[in-house]
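Asks: Here's a structure for you.
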Amino acid sequence: MSYDTVRDVDPAVADALVGERDRQNDTLAMIASENHVSEAVMEAQGSELTNKYAEGYPGERYYAGCEYADDVENLAIERAEELWGAEHVNVQPHSGTQANMGVYLAMLEPGDKILSLELEHGGHLSHGHPANFTGKTYEVEQYTIDPDTGYIDYDELQDLAASFDPDIIVSGYSAYPRDIEWEKIQQAADDVDAYHLADIAHITGLVAAGVHSSPVGIADFVTGSTHKTIRAGRGGIIMCDEEYADDIDAAVFPGGQGGPLMHNVAGKAVGFKEALEPEFEAYAEQVVANAKALGDQLQEHGFSLVSGGTDNHLVLVDLRDSHPDTTGKDAEEALEEVGIVLNANTVPGETRSAFNPSGIRAGTPGLTTRGFDEEACREVADLIYRVVDNYDDDDVKAEVSERVDELTDEFTLYE
Ligand code: DSN
């Protein structure tokens with residue numbers, strides 16, 4: 001996209017848009033929740049549907065002129081049902097957090113109890129953090145990752161469920177590198193007659209492609225965001241059995257939202273169509289293979305990985321063993337200088353703070369979209385090692401930066 005039309009009206013914003021496009025082209029996006037959608041998804045998101053109000057659902061709108069909005073939303077729903085095998089899908093949530101809000105609004109009353117993973121152990125703000133509406137509206141108890149193994153402590157989860165007696169148990173995580181045993185969590189929920197919400201925001205694409213186990217058909221509710229591994233338009237999604245369909249739909253609209261962002265729903269529909277193509281399965285397999293290659297090579301360099309490896313699209317590095325004096329922020333900033341963009345992250349048993357934690361989280365969805373294979377990811381691990389090991393050495397950073405430029409030129413992204 002040239003952004004020439006924007007430039008005619010608003011050169012300052014055009015500069016920022018071009019700057020962001022160039023930044024994405026010229027750097028390695030390794031924030032595990034990010035990806036690069038296709039030009040088709042972006043075109044749909046930039047369409048005239050941004051002008052349309054369409055409160056309600058297909059065939060039952062509160063405004064006239066919704067025939068094309070209906071087409072787009074029906075397509076998004078049908079494709080999502082096929083991708084994830086869900087009985088009912090709501091594609092209107094503006095984000096993953098709004099999707100979770102839809103489930104809470106539908107099933108809980110203020111003061112009801114949520115059992116979820118701690119944010120510092122890989123959970124999410126919308127799972128009950130005190131700064132989020134969930135922490136202010138509901139009573140929250142949290143389970144943890146076993147710091148010795150790096151795996152979810154399913155026994156603790158079960159014990160907490162028994163003692164806390166939650167109304168809902170939340171699974172699905174933001175910084176957990178391992179496959180999730182949905183049945184164990186469902187069992188804990190069944191034992192105390194609680195609902196089970198599985199938030200698959202990070203792994204939507206892996207679940208759709210069958211390279212990660214699916215909670216659909218196990219958990220009562222499955223939520224996600226639609227722009228991460230599934231690589232569709234930006235926003236959220238809720239899946240559930242038919243018995244909860246009306247409650248969920250009413251909770252999304254009018255319960256928690258007004259007019260849906262129909263241009264984003266169009267982007268979801270287009271991205272879901274792309275994900276139904278056979279190539280998407282190969283993409284998702286490559287995402288996981290790349291994460292394993294990245295993790296293995298980081299371990300070769302002496303880095304400790306939480307849980308000792310990965311089953312999905314991300315690795316979580318605990319810097320305390322290999323680089324006890326280097327914080328996650330030190331590493332994040334030095335890596336950003338050379339064009340490797342990832343984020344500092346807390347690790348289980350964190351001894352620093354959320355603002356300056358002891359780990360870094362690195363994902364492969366974005367690199368895989370631009371064509372990286374295992375060999376290229378092993379080289380990225382070599383570059384990460386060189387920078388983290390020499391984070392205040394400008395000569396090393398200049399050399400690595402040059403190599404990142406070569407890699408981004410070789411694996412092109414947007415024209
Ligand atoms: N911000 C996302 C992440 O980075 O995991 C979650 O919403």
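Asks: For the chain, what is the number of Lys pairs with C-alpha distance below 17 angstrom, counting only pairs 8 or more positions apart or on separate chains?
Replies: Going through the chain pair by pair, I get 5.
Asks: What does the convex hull of the alpha-carbon atoms of the range 349-415 project to on average, in nm²?
Replies: Average projection, Cα convex hull of the range 349-415: 6.2 nm².
Asks: If you build the convex hull over the alpha carbons only and average its shadow over all orientations, what do you get for the range 12-74? Give it in nm² to one decimal.
Replies: Mean projected area of the Cα convex hull: 6.3 nm².
Asks: Here is a follow-up. Based on the Cα gyration tensor of the range 114-194, what are the three equivalent ellipsoid semi-axes, each the root of five times an eigenvalue, rounded to whole Å and given largest first?
Replies: They are 18, 17, 10 Å, listed from largest to smallest.
Asks: Then there is this: What list of ³J(HN,Hα) values in whole Hz, one per residue of the range 136-145 in order, does the Karplus curve 6.51 cos²θ - 1.76 cosθ + 1.60 (θ = phi - 60°) give from phi, with Gly and Pro shown as x?
Replies: Coupling constants for the range 136-145: 8, 9, 10, 8, 10, 10, 10, 8, 9, 8 Hz.
Asks: While we're looking at this one, here's another question. In 5 Å bins starting at 0, how do the alpha-carbon pair distances of the range 70-165 split up by percent?
Replies: Bin by bin from 0 Å, the calculated values are 2, 12, 17, 17, 16, 14, 13, 6, 2, 1, 0.
Asks: Quickly work out the D190-to-S2 label distance, labels modelled 7 Å from Cα along the C-beta direction, and quote it in nm with one decimal.
Replies: So the two model labels end up 6.1 nm from each other.
Asks: Considering Cα pairs under 8 angstrom that are at least six residues apart, work out the relative contact order of the range 40-143 and quote it in whole percent.
Replies: 15 percent
Asks: Compute the Rg to Rh ratio over the range 295-415 from the alpha carbon atoms, using the Kirkwood formula for Rh, and round to two decimal places.
Replies: A ratio of 0.95.
Asks: Moving on. If you project the alpha carbons of the range 67-115 onto their three principal axes, what span does each projection cover, largest first, in Å?
Replies: The Cα atoms of the range 67-115 stretch 40, 23, 15 Å along the principal axes, largest first.
Asks: Right, here's the next one. Along its three principal axes, how long is the range 241-320 when you only count alpha carbons? Whole Å, largest extent first please.
Replies: Rounded to whole Å, the extents work out to 52, 33, 26 Å.
Asks: What spacing in nm lies between the two simple spin-label points modelled at D179 and E156, each 7 Å away from Cα in the Cβ direction?
Replies: Roughly 2.3 nm, to one decimal.
Asks: Still on this model: Which value does Rg/Rh take for the range 228-276 over its C-alpha atoms, Rh per Kirkwood?
Replies: My calculation of the ratio gives 1.02.
Asks: Using Cα-Cα distances under 8 Å and only pairs 6 or more residues apart, what relative contact order does the chain have, in percent?
Replies: Relative contact order for the chain comes out at 22 percent.
Asks: What ranking of R378, R178 comes out by heavy-atom accessible area, probe 1.4 Å, highest first?
Replies: These residues rank, largest area first, as R378, R178.
Asks: Suppose every K and R has +1 on its Cβ and every D and E has -1 on its Cβ; what is the size of the dipole of the chain about the Cα centre, in Debye to the nearest 20?
Replies: Roughly 640 debye, rounded to the nearest 20.
Asks: Sticking with the crude label model, points 7 Å out along Cα→Cβ, report the distance from E300 to A250 in nm, one decimal please.
Replies: Spacing of the two 7 Å Cα→Cβ label points: 5.8 nm.
Asks: Using helices alone, I'd like the mean residue ellipticity at 222 nm for the chain: each DSSP H run of four-plus residues gives -39500 (n - 2.57), total over residue count, nearest 500.
Replies: Helices in the chain give a 222 nm mean residue ellipticity of -13500 deg cm²/dmol.
Asks: Take the alpha carbon atoms of the range 345-415, find their center, do the same for the range 225-244, and report the distance between the two centers in whole angstrom.
Replies: So the two Cα centres are separated by 29 Å.
Asks: Could you work out the relative contact order of the range 141-264? I mean the mean sequence separation of Cα pairs under 8 Å and 6+ apart, divided by the number of residues, in percent.
Replies: Here the relative contact order equals 17 percent.
Asks: Between E20 and R378, what FRET efficiency comes out of the Förster formula 1/(1 + (r/R0)^6) with R0 = 30 Å and r the beta carbon distance, rounded to 0.05?
Replies: Between R378 and E20 the formula returns 0.55.
Asks: Roughly speaking, what is the centre-to-centre gap between the range 126-170 and the range 252-306 when only Cα atoms are used, to the nearest Å?
Replies: 25 Å
Asks: Starting from 0.36 nm per residue, how many nanometres of slack lie between E336 and T351 once their C-alpha separation is accounted for?
Replies: Computed gain between E336 and T351 is 3.0 nm.
Asks: Sticking with this structure for a sec: Read phi for every residue in the range 339-354 and hand back ³J(HN,Hα) as whole Hz from Karplus 6.51 cos²θ - 1.76 cosθ + 1.60, θ = phi - 60°, with x for Gly and Pro.
Replies: Going residue by residue, I get x, 10, 9, 9, 10, 5, 8, 5, 10, x, x, 3, 10, 9, 10, 5 Hz, with x marking Gly and Pro.
Asks: So between D148 and D393, what do we pick up on full extension, going 0.36 nm a residue minus the alpha carbon distance?
Replies: 84.9 nm
Asks: How large are Rg and Dmax for the chain when only the alpha carbon atoms are used, in Å?
Replies: Expressed in Å, the Cα Rg and Dmax of the chain come to 21.4, 63.
The values are calculated or read from the model by the stated rules, or taken from the named source; none is laboratory data. Here the structure is a predicted model, which means the values were calculated and not measured. A quick note on method: Cβ atoms are made from the backbone with ideal geometry, for glycine too, and the neighbour counts reach across all protein chains shown. Just the protein is used for accessible areas: all its heavy atoms, side chains included, with ligands, DNA and RNA removed. Shrake-Rupley method; radii C 1.70, N 1.55, O 1.52, S 1.80 Å.
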